[in-house]
Amino acid sequence: MCFSATASFTAGVGLSMIGGVTLASVRKTSDIPFAAIPLLFGIQQLAEGVIWLSFENQVLLSVMTVIFLLFSHVIWPTLLPFSVFMLEPQRWRRIVLSFFIGIGGIVSAYFLYYLTQEHVQAVVVNDCIAYVAPHFFRTFVLSPYTAATCFSCLFSSHKMVKVFGIVAFLSAVVAFNFFQENFVSVWCFFGALLSVIIYLHFRQRKKI
């Protein structure tokens, strides 16, 4: 989480625990990508906890910043639509979701390129971590990023997956409008709520 090292580590441990329970409840191999999201959120939050403690060690700070941004900008745009695709039994929905996977792949490749070409920084702004990289906030890439990470979920036949997409989009709107300078970090703050939705999805499926 963006607010302190303690908050980040606490969130990281809590999300990792939710992730472990969620993964233990999966029935099929195809469930694993979506079920793994809470655990990956947890690892991302632990990385941000290390960032809070690394401002006096520029080498470690740079490494952990890149690790955090690999999650937020490279892994999520492709993994999220792919994980929804893997859950989906209906053919026409899988076709549509394949389109979103393609969009996410292009976005991931774009951000990966800039992560390798430009120096990105983590700084403290308004008592939260902000990630300084101008190319992250260009409209032409934010729109497909949102489509891949949020709107793809709306084409799922699973109710809780649709709820996940709606909450992810609304949380992005809140983060962007009220914490624009800290958008990346604050939006990841909502990973806790999103992870609970994933847990509930698999819990409901287990009862069926």
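The values are calculated or read from the model by the stated rules, or taken from the named source; none is laboratory data. Bear in mind the structure is a predicted one, so any value in this text is a computation, not a measurement. Glycine also receives a Cβ, built like all others from the backbone with ideal geometry; neighbour counts cover every protein chain displayed. Heads up: the accessible areas ignore ligands, DNA and RNA and are worked out on the full protein's heavy atoms, side chains in. Shrake-Rupley method; radii C 1.70, N 1.55, O 1.52, S 1.80 Å.
Overall, the accessible surface of the chain at a probe of 1.4 angstrom is composed of carbon and sulfur to the extent of 70 percent.
Across the stretch 148-153, coupling constants 3J(HN,Hα) worked out from phi with the 6.51/-1.76/1.60 Karplus curve, θ = phi - 60°, read 5, 8, 10, 5, 4, 5 Hz, and Gly and Pro carry x. You can think of it this way: the chain between N126 and R94 has 7.3 nm of extra reach, that is 0.36 nm per residue less the Cα-Cα gap. Here is how the number arises for the chain: DSSP H runs of 4 or more residues each give -39500 (n - 2.57), the sum is divided by the residue count, and the result at 222 nm is -23000 deg cm²/dmol.
Using amide H atoms built in the peptide plane, which far-off residues or other-chain residues are under 5 Å from V124 H to H? For V124, whose amide H was placed from the backbone, the distant partners under 5 Å are A130. Peptide packing for 87-94, 196-203 was compared via the average number of neighbouring C-beta atoms within 10 Å per residue; ordered from the highest value, the list is 196-203, 87-94. Mean separation of Cα pairs under 8 Å and 6 or more residues apart, divided by the residue count, gives the chain a relative contact order of 25 percent. Going by Cα centres, the stretch 32-67 and the stretch 93-159 are how many Å apart? Here the two parts' Cα centres lie 17 Å apart. For the stretch 1-106, the solvent-accessible area works out to 44 Å² per residue, with a probe of 1.4 Å and every protein chain left in place.
With a 10 Å cut-off between alpha carbons and a GNM built on the chain, which of F41, F55, F155 moves the most? Result for the chain, Cα springs under 10 Å: F55 fluctuates most. Full extension of the chain segment joining A109 with L154 gains 13.8 nm, where the gain is 0.36 nm per residue of separation less the Cα-Cα distance. Per-residue packing, averaged as other Cβ atoms within 10 Å, sorts the ranges 65-75, 42-52 into the order 42-52, 65-75, beginning with the highest. Less than 5 angstrom separates the built amide H of L53 from none of the residues sequence-distant by 5 or more or on a different chain. Axis of helix 91-117 versus longest Cα principal axis of the chain: the two differ by about 10°, to the nearest ten degrees.
Calculate how steeply helix 76-87 sits against the longest principal axis of the alpha-carbon atoms of the chain, using the helix alpha-carbon long axis, and give the answer as 0 to 90 degrees to the nearest 10. It is inclined by approximately 10 degrees.
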